[in-house]
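Visitor: My questions all concern the structure below.
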């Protein structure tokens, strides 16, 4: 099993041409602590990870993402998941956390699911693309049925809810753009 934190630190330290001693100095931690963080068995505290990320001038997400100069890869296991409505609603944030103004979420809704959406900041936009099943989206108290292949767009700051009133699971993608 690979350790994304140790891999990220080694990769970024190499890219920045830093020794362990210099990076530890920049992060204000002992060099031995940094050496331990670079080992596959390490399990550092979040405060240590944040210090190293800040010293490297990257976000924690960038630290654990496999990236090259032009591409960022994020393993599914490192994507945050929110479950609501007793597990009937599941949203996996597939966009990197460091992508501030764009969120892409992989949505799964089991039958009889009804979950209140989190309002987004004023000026945000949400696109909900139903891939499988038939979703019910409620925006400001008005219900809309979104069939597989269809999309609904609304202002993300408005009160909204997601539902599955059908007998089959719903799979969808929700994209939120924040201006």
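Visitor: Convex hull over the alpha-carbon atoms of the chain: what's its volume per residue in Å³?
Guide: 137 Å³
Visitor: For residue 45 paired with residue 18, estimate the spin-label separation in nm (one decimal), with each label point 7 Å from Cα along the Cα-to-Cβ line.
Guide: With each label point 7 Å from Cα toward Cβ, the separation is 2.0 nm.
Visitor: Continuing with this model, one more query. Could you list, bin by bin from short to long, the percent of Cα-Cα pairs of the stretch 4-72 in 5 Å steps?
Guide: With a bin width of 5 Å, the distribution comes to 3, 19, 34, 29, 11, 4, 0.
Visitor: For the chain, what is the relative contact order in percent, using Cα pairs closer than 8 Å and at least 6 residues apart in sequence?
Guide: Relative contact order here is 18 percent.
Visitor: If I stretch the segment between residue 150 and residue 77 completely, what's the gain in nm (0.36 nm per residue apart, minus their alpha carbon distance), one decimal?
Guide: So the chain would gain 23.4 nm between residue 150 and residue 77.
Visitor: For the Cα atoms of the chain, what angle does the longest principal axis make with the long axis of helix 4-15, in degrees from 0 to 90, nearest 10?
Guide: With both axes taken from Cα atoms, the answer is about 60 degrees.
Visitor: Sticking with this one: May I have the convex hull volume per residue, in Å³, for the Cα set of the stretch 79-178?
Guide: 80 Å³
Visitor: Counting other beta carbons within 10 Å of each Cβ, put 153, 162, 114 in order, fewest first.
Guide: 153, 114, 162
Here, each number is a calculation from the coordinates, and none is a lab measurement. In this text, all values refer to a predicted model and were calculated from it rather than measured experimentally. As a convention, Cβ positions derive from the backbone with ideal geometry for all residues, glycine included, and neighbour counts pool all protein chains shown.
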